[in-house]
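Right, one structure below, let's go through it.
Every read-out reported here was derived from the displayed coordinates using simple, explicitly stated rules and does not represent laboratory data. Computed from a predicted structure; not experimentally measured. Note that each Cβ is placed from the backbone with ideal geometry, even for glycine, and that neighbours are counted across all protein chains shown.
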Amino acid sequence: MKLSKMHLKTLREVPNEAEIPSHILMLRSGMIRKLASGVYGFMPLGWRTLRKIEDIIRQEMDSADGQEIHMSAIQPSELWEESGRWSAFGPELWRIKDRHGREFCLGPTHEEIFTDIVRNDINSYRQLPINLYQIQTKYRDEARPRFGLMRSREFIMKDAYSFDRDQAGLDKSYEKMYEAYEKIFTRCGLYFRPVEADTGAIGGSNSHEFTAISEVGESEIAYCEKCSMAATVERAECVDEKPQTDVQMLEMKEVHTPGTKTIEEVADFLGLDQKQTIKALLFVTYDNEENENGYVAAFVRGDRELNMTKLVNALGIPEHAIEFADEEKMAAVTGCVGGFTGPTGIHDCKIVVDSELVGLKNLCAGACKEDYHLLNVNYERDYKGDIVTDIKTLAEGDPCPVCGAPVKHARGIEVGQVFKLGTKYSESMKAYYKDENMKDHPIVMGCYGIGVTRTMAAIIEQHHDDNGIIWPVSVAPYHVIITVMKPDDEVQSQVADSIYKKLMTGGAEVLVDDRKERPGVKFKDADLLGIPIRITVGRGASDGMVEYKMRRDADKVEMTVEESIKKAIDTIDAER
């Protein structure tokens, strides 16, 4: 392909809207084009890379016995009502109506559709197991779309669904998909880590998130270097402080603590370690019609952070059905006092207590009275919880829940996730099969997603420098760019054409920069576009010499035309 004939518009300046490298570089290199907030189109080079990522996914999915189909992005509300997710999914579900008033959604995921297919087509154990997948456009009405393809309202996703007879079958399907994902992301050139994850709105029992390590990622993971423990921070279990069985309970007493509304302030005022305090967090919950449903008071040790995912899981509600309460409104019902709320004086609300507090003695908590706290507060004697469970966040340096070593934190981009759904959808939607004795059983399901467009962004986040993208050969829009210094020079033009034809014959995908631009412009664009191999045809062409450079390397090497062709083909064959 000649660059002079390609539809390509590169930018020298950083677009104002772009904040992270992948977004900046995709806009500057002309790979994507913004249509609206969180909605992007793909230009020729960007679309080529996207298709290569899709091809890698297809090859590995097909090798793992997946069968590709393609379903509509428009889904009838009736199926979502059957599964119970029409109301539970939240405001990100993009709801629409047709001219007859019938409700639909633009699919953010396809569990209901695939379950409907299988319940209509499969009725015998002999037809199981089966794995169906698609690569398709998805929609989520994000409140704050940002970071380009990282969090957009329209995106391309691969979603697969396995259907098995029993849990043992699901375990095998899950392991097969897990291994396929490792191969996919390795081939895409990503440095990634599979971690235990929360199942969220998808549901099910177990899940692993495949996280591409990156400082700009929205996922935070906790991991242990001494053992194999790795989990998203929202999912990671915590080790409770050892119960103080040898500590005597003291008499509870009220102390005057004027103006000390934060844990830091009250601990400093009373000369206490923050570990000796109880932190209160106040919430209001909503029903499916978004009416206020009740109040919740959550309590954790003062130096801990509340884990909202663990809290909503403990309450059994979707994430969108809870928010911080208006303290004045809540006070009128429950007796809470902003900044001075404790578990002993609050009422008429659901009290959720972190499991760690049960074993600790003589703590300081709010007195539910302006400017007052209580000392020597003890669980069971002075207060009880409606729910007692782990609702704290595993902080960096905390003991690993598996081996006890200090855990570390890292940020990453979620590029894929696998779920063990079990019978969540098959039972609610009556997807059954008959066994050898003609007895009905719910089909056991798994779900497996990859963010295709997000994977593209993640690759750039891990493979770039100040000059532009550095594509891995496997996903590069083209493998080689031939930069012709003087396109009007007959010798240079003939040499470039010869290299082009021989590379193409050898299976390489080649761009020829034959534009009548200054050499500096051509080199800058070659670096910006990130083509893995650059062969420069210049003044040495008359002697059969060219300049060879890998985009990822700083060094340039002069070699013969034939040497450059062989080296390029060998590199491409080894790395794609």
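Regarding region 268-348, what's the average projected area of the Cα-atom convex hull, expressed in nm²? Numbers along the way, then the final one.
Working: hull surface 23.2 nm².
Answer in nm², one decimal: 5.8.
Using Cα centres only, tell me the gap between region 245-322 and region 398-467 in whole Å.
31
Tell me the angle of helix 44-63 to the major Cα principal axis of the chain, expressed in degrees between 0 and 90 and rounded to the nearest ten.
With rounding to tens, the tilt is 70 degrees.
Given contacts defined as C-alpha pairs under 8 Å and at least six residues apart, what's the relative contact order of the chain, whole-number percent? Don't jump to the answer; show the numbers that get you there.
Details: 1221 pairs, mean separation 97.2, N = 576.
Once divided by the residue count of the chain, the mean separation gives 17 percent.
With 24 Å as the cut-off, how large is the P(r) tail for region 321-438, expressed as percent of Cα-Cα pairs? Kindly include the intermediate steps, with their values, before the conclusion.
Working: 3819 of 6903 pairs.
Above the 24 Å cut-off, region 321-438 has 55 percent of its Cα pairs.
Rg to Rh for region 253-389: what is it, with Cα atoms only and Rh by Kirkwood?
Details: Rg = 14.3 Å, Rh = 14.9 Å.
Answer for region 253-389: 0.96.
Across region 311-325, in residue order, what do the Karplus-derived ³J(HN,Hα) couplings come to in whole Hz, using 6.51 cos²θ - 1.76 cosθ + 1.60 with θ = phi - 60° and x for Gly and Pro?
So the J values, rounded to whole Hz, are 5, 5, 5, 5, 7, x, 10, x, 4, 6, 9, 9, 7, 4, 7.
Going by C-beta contacts inside 10 Å, put 13, 234, 68 in order with the fewest on the left.
On the way: 13 6, 234 20, 68 14.
Placing the least packed residue first, the sequence is 13, 68, 234.
Rounding to the nearest 10 and keeping the result within 0 to 90°, find how far the Cα-based axis of helix 452-462 lies from the longest principal axis of the chain.
Tilt relative to the chain: about 80 degrees.
Which of 286, 478 comes first, and how do the rest follow, when ranked by fewest Cβ neighbours within 10 Å? Don't skip to the answer; put the middle values down first.
Numbers: 286 16, 478 21.
The fewest-first ordering by Cβ neighbours comes to 286, 478.
What does the convex hull of the alpha-carbon atoms of region 139-296 project to on average, in nm²?
Working: hull surface 68.7 nm².
Reported value for the Cα convex hull: 17.2 nm².
With both bridge residues required to lie in the chain, what share of the DSSP beta bridges run antiparallel, to the nearest 5%?
Values: 91 of 114 bridges.
Roughly 80 percent of the DSSP beta bridges within the chain come out antiparallel.
If I measure Cβ to Cβ between cysteines in the chain, which ones have no partner under 4.7 Å?
105, 188, 238, 336, 349, 364, 368, 447
Take the Cα atoms of region 478-575, find their three principal axes, and give me the spread along each one in whole Å, biggest first.
In descending order, the Cα extents are 34, 26, 21 Å.
Between residue 105 and residues 5 or more places away or on another chain, which pairs have amide H atoms under 5 Å apart, with H built 1.01 Å from N, and which residues are they?
Result for residue 105 returns 75, 77, 96.
Over 27 Å between Cα atoms, which of 183/430; 34/183; 34/522; 158/430 qualify? Kindly include the intermediate steps, with their values, before the conclusion.
On the way: 183/430 34 Å; 34/183 32 Å; 34/522 25 Å; 158/430 25 Å.
The pairs that break the limit, which is 27 Å between Cα atoms, are 183/430; 34/183.
Based only on Cα atoms, what mean projected area does the convex hull of region 1-56 have, in nm²?
If you wrap the Cα atoms of region 1-56 in a convex hull and average its projections, you get 4.8 nm².
Return the sequence-ordered ³J(HN,Hα) values of region 218-229 in whole Hz as given by the Karplus equation 6.51 cos²θ - 1.76 cosθ + 1.60 applied to θ = phi - 60°, using x for Gly and Pro.
Values, residue by residue: 8, 8, 10, 10, 10, 9, 10, 7, 8, 9, 8, 4 Hz.
What is the Cα convex hull volume of region 426-520 when expressed per residue in Å³?
Numbers: hull volume 17.6 nm³, N = 95.
Hull volume normalised by residue count: 185 Å³.
What's the angle, to the nearest 10 degrees (0 to 90), between helix 561-575's Cα axis and the longest principal axis of the chain?
30
Run the helix sum for the chain: -39,500 (n - 2.57) per DSSP H stretch of 4+ residues, divided by residue count, reported at 222 nm to the nearest 500 deg cm²/dmol. It would help to have the intermediate numbers written out before the result.
On the way: 14 runs with 153 residues, N = 576.
My calculation for the chain gives -8000 deg cm²/dmol from helical runs alone.
Looking at 481, 4, 47, which one has the Cα that reaches farthest to the positive end of the dipole of the chain (charges on Cβ: Lys, Arg +1; Asp, Glu -1)?
Checking the options against the dipole of the chain, the answer is 4.
Using Stokes-Einstein with the Kirkwood hydrodynamic radius over Cα pairs, what translational diffusion coefficient do you get for the chain at 20 °C and a viscosity of 1.002 mPa s, in µm²/s rounded to a whole number?
Numbers: Rh = 27.4 Å.
For the chosen part, D equals 78 µm²/s.
What does the C-alpha gyration tensor say about the overall shape of region 503-554? Classify as rounded when a/c is under 1.5, otherwise prolate if a/b is larger than b/c, or oblate.
Numbers: a/c = 1.38, a/b = 1.02, b/c = 1.35.
Rounded is the answer for region 503-554, as its axis ratio a/c remains below 1.5.
Give me 228, 72 sorted ascending by neighbouring Cβ count inside 10 Å, so fewest comes first.
On the way: 228 8, 72 12.
In increasing order of surrounding Cβ atoms, one gets 228, 72.
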